[in-house]
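Worksheet for the structure shown next.
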Amino acid sequence: MKANQAKYPVALMCSLLFVSRSGYYAWLRRSLSRRATQDRRLKGLIREIHANPKGTYGAPRVHAELVDMGIEIGRKRVARLMVEMRAAPSDFSGV
């Protein structure tokens, strides 16, 4: 919605999406959850690990590197974060 505020009124978008305006603005002001904050930090580490061997590390190797660094994380979470990073090229410039 935020990206389309210049084109469409917030009230219209809220009514089409069945969201209250106050709920939308409360969501905008809300800080990131603990999990989202951790994910952001982990994405930075994944980006560094992935960049070291010229972008050839997949999720299993990245997971192993993170575990070697003492970070307790599941392989599937690493894979999910890497998929998210691929979907947002500005977030992950390796794949």
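Residues 58, 44: which one is within 24 Å of residue 2 (Cβ to Cβ), without any contact (Cβ under 8 Å) to a residue 40 or more places away in the chain and either touching a Leu at 6+ places or on another chain (Cβ under 8 Å) or outside the structural domain of residue 3 (by TED's automatic domain parsing) (or both)? Let's see the steps before the verdict.
Numbers: 58 fails: within 24 Å of residue 2 (Cβ to Cβ).
Testing whether each residue is within 24 Å of residue 2 (Cβ to Cβ), without any contact (Cβ under 8 Å) to a residue 40 or more places away in the chain and either touching a Leu at 6+ places or on another chain (Cβ under 8 Å) or outside the structural domain of residue 3 (by TED's automatic domain parsing) (or both) leaves just 44.
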### Message
Filter the stretch 57-70 down to the residues that are surrounded by 14 or more Cβ atoms within 10 Å (Cβ to Cβ), touching a helix residue (DSSP H, G or I) at 6+ places or on another chain (Cβ under 7 Å), in a helix (DSSP H, G or I) and not charged (D, E, K, R) and list them by number.
### Response
59, 62, 63, 66
### Query
List the pairs whose first member sits in the stretch 71-94 and is aromatic (Phe, Trp, Tyr) and surrounded by fewer than 16 Cβ atoms within 10 Å (Cβ to Cβ), whose second member is at pLDDT 95 or above and assigned to a helix (DSSP H, G or I), and whose Cβ atoms are under 7 Å apart, counting only residues at least 6 apart or on separate chains?
none
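Name the residue, out of 47, 41, 61, that is at pLDDT 95 or above, under 23 Å from residue 86 (Cβ atoms) and among the charged types (D, E, K, R).
Details: 47 fails: at pLDDT 95 or above; 61 fails: at pLDDT 95 or above.
Going through 47, 41, 61 in turn, just one is at pLDDT 95 or above, under 23 Å from residue 86 (Cβ atoms) and among the charged types (D, E, K, R): 41.
The values are calculated or read from the model by the stated rules, or taken from the named source; none is laboratory data. Treat the numbers as computed from the prediction; the structure is a model and nothing was measured. Neighbour counts run over all protein chains shown; Cβ positions are idealised from the backbone, glycine included.
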